[in-house]
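Worksheet: the structure to be examined is printed underneath.
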Amino acid sequence: MAVRVQTASFDPGAELNAFLAASNGAGAAATFTGVVRSKPDDPITALTLECYPELAFNQLTAIVADATARFGLLAATVIHRYGTLAPGEHIVQVMTLSPHREAAFKGAEFLMDYLKTDAPFWKQETGPGGTHWVEANDEDDKARARWE
């Protein structure tokens with residue numbers, strides 16, 4: 001189990017290769033990489049993620065431990081960035097290993113659903129119209145509720 005909360009960029013392919021190198025005979029791996037998006041009808045020039053790194057690390061560690069126990073994961077890693085990011089940059093990477101694909105997929109989904117709702121990051125978008133805080137999303141809350 002590994003958690004990193006960082007400002008530095010990361011290489012998703014290199015991270016996945018390193019994760020798989022320590023697979024210890026797992027039968028399945030799932031990965032998700034989140035990217036800063038800028039929609040044509042609502043463009044942004046920057047996304048700023050604010051956090052208290054130690055609090056974020058502790059919260060993410062608890063979420064990863066929960067997923068590992070709940071789905072019998074052999075390993076799980078979450079990398080989450082903070083700071084000011086440009087469209088196209090990587091924000092988050094979730095990787096899970098398990099004996100079978102269902103647990104790997106469910107573990108990764110669970111982690112992302114909890115990261116979107118419970119991780120202590122605050123998002124601010126900057127675009128042509130100025131800067132505004134990103135509000136909580138009802139769809140994210142519904143996705144998380146399915147795990148209760």
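The values are calculated or read from the model by the stated rules, or taken from the named source; none is laboratory data. Small disclaimer: the values here were computed from a predicted structure and weren't measured. In this analysis, Cβ positions are derived from the backbone assuming ideal geometry, glycine residues included, and neighbour counts consider all displayed protein chains. Only protein heavy atoms, including side chains, enter the accessible area calculation; ligands, DNA and RNA are left aside. Shrake-Rupley method; radii C 1.70, N 1.55, O 1.52, S 1.80 Å.
Here the stretch 96-148 is the region considered, the condition is being within 21 Å of Leu49 (Cβ to Cβ) and hydroxyl-bearing (Ser, Thr, Tyr), and the residue that is surrounded by the most Cβ atoms within 10 Å (Cβ to Cβ) is Tyr114.
Applying the condition of being in a loop (DSSP other than H, G, I, E, B) and over 15 Å from the mean Cα position of the chain (by Cα) to the stretch 45-84 and asking which residue is farthest from Trp147 (Cα to Cα) yields Thr45. With respect to the conditions (1) out of contact with any Leu (no Cβ under 9 Å at 6 or more places or on another chain); (2) part of a loop (DSSP other than H, G, I, E, B); (3) of a type outside the set (Asp, Glu); (4) open to solvent by less than 30 Å² (accessible area, probe 1.4 Å), Gly88 falls short on a single one, namely (4).
Within the stretch 6-30, residues that are assigned to a helix (DSSP H, G or I) reach partners that are polar (S, T, N, Q) and open to solvent by 30 Å² or more (accessible area, probe 1.4 Å) with beta carbons closer than 8 Å, at six or more positions or on different chains, in the pairs Pro12/Thr31; Pro12/Thr33; Leu16/Thr31; Phe19/Thr31. Gly72 meets each of the listed conditions (1) out of contact with any helix residue (DSSP H, G or I) (no Cβ under 7 Å at 6 or more places or on another chain); (2) loosely packed, with under 15 Cβ neighbours inside 10 Å apart from (1).
Residues of the stretch 98-148 being over 21 Å from Val36 (Cβ atoms) and not in a helix (DSSP H, G or I), which ones? Result: Ser98, Pro99, His100, Arg146, Trp147, Glu148.
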